Structure formats: C-alpha cells, structure tokens
Amino acid sequence: MKVYFDTLEVSTSKRVELINITRQVEEAVGKSGVKDGICLVFAPHATAAVIANEDERGLKEDIVEWLEENFPHDGKWRHNLVDDNASAHLASAFTSSCRVFPVKGGELVRGTWQSIFLVEMDGPRRRKVIVEVLGD
Ligand code: ZN
C-alpha cells in the first residue's frame, strides 16, 4: 500500500470565508500515484474546517451567514475571555476539520456539485491543509 502525504498552504483574506482547494487536492491525488484508495483532507487547526459542497456564490454567502448567525463573534462565550475567537472554535467543532473521499482509477471521487473547501473561521491568516492519500 502507498501512503502519500502532502501539506497545502492556503492564505485567507477574511474572518469567515470559503476557499476552494479542489484543484490542489486533486493535484496531490495525481502526485500520489494511488489508483484505488482513499484521500483524507485534514485542516490541523481548531478554528477552521473542511467541507465538500457547491462552489456557487450565493450558497457560499449562505454558509458564511449561517456560521455567523449560529456562532456569533460577539456571543457571550467563555473562551472570548482568553483570546476572542470562541465563535471560530465552536463553528470548527461542529463542522469538522476533516473529510475523506474515495480514490478510484487514480481520480478523486466527488459529486458534480461537490467542491472541496477550507472554511476559514478566524482569518485572515495562513493555513495548512494536510492531504494524505492511502491505497494501491
Ligand atoms: Zn481560541
């Protein structure tokens, strides 16, 4: 079994935003040489997440708005007494920092309307996204 490990560098420009990383993930799958297996996409951060969904401007705005409404930045969170980003931690905890995709025939398997996004929740900053591909 092959194990391929790659780290993507992603710069974000807003406090909360979605960054499409599909191309970079698919490039990593190509470089891995894995034909059949799985691809883990993992953000090693407590205030970011990884999701798969449609890259449509209105939907991306809906997702950002949903996160901001459900995890308000100025909420009465205890963690804000420490470093003022509790909303980002909560949003990350309830969104998930990783997703797994099948790899078939050397290609990442995803739905037509599934792009892969890093979800920034405490930006702007530089983020890492780990792509690990396992298989034969
Ligand atoms: Zn914090």
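Each value in this text was obtained by applying a stated rule to the coordinates, not by laboratory testing. Not measured: the values here are computed from a predicted model. Backbone-built Cβ (ideal geometry, glycine too); neighbour counts: all protein chains shown.
Observations, loosely collected:
- Largest mean-square fluctuation among Leu81, Leu67, Leu90, in a Gaussian network model of the chain whose springs join Cα atoms under 10 Å apart, belongs to Leu81.
- Partner aspartates and glutamates for Lys31 [C-alpha distance under 17 Å; skip if fewer than 8 residues away on the same chain]: Asp6, Glu9, Glu107, Glu132, Asp136
- With one equal scatterer per alpha carbon and no solvent term, the Debye-computed log10 I(q)/I(0) for the chain at 0.12, 0.15, 0.19 1/Å reads -0.48, -0.71, -1.02.
- Rounded to the nearest 20 debye, dipole of the chain from Cβ charges on Lys, Arg, Asp, Glu: 380
- Exposure proxy ranking, count of Cβ atoms within 10 Å, fewest first, for Ile116, Ile63: Ile63, Ile116
- Proximal lysines relative to Lys35, as straight alpha-carbon distance under 18 Å, when same-chain residues fewer than 8 apart are discounted: Lys2, Lys104
- FRET efficiency for the Asp74 to Val100 pair, using the beta carbon distance and R₀ = 35 Å, is estimated at 0.50.
- Taken along the Cα-to-beta-carbon direction at a fixed 7 Å, the label points for Lys35 and Met1 span 1.8 nm.
- Proxy reagent accessibility, fewest Cβ within 10 Å first, across Asp74, Asp62: Asp74, Asp62
- Relative contact order for the chain, counting Cα pairs under 8 Å that sit 6 or more residues apart, in percent: 54
- Loop-located trypsin sites (Lys or Arg not before Pro) in region 1-104 (DSSP state other than H, G, I, E, B) with a sparse environment of at most 14 neighbouring Cβ atoms within 10 Å: Lys14, Lys35, Lys76, Arg78.
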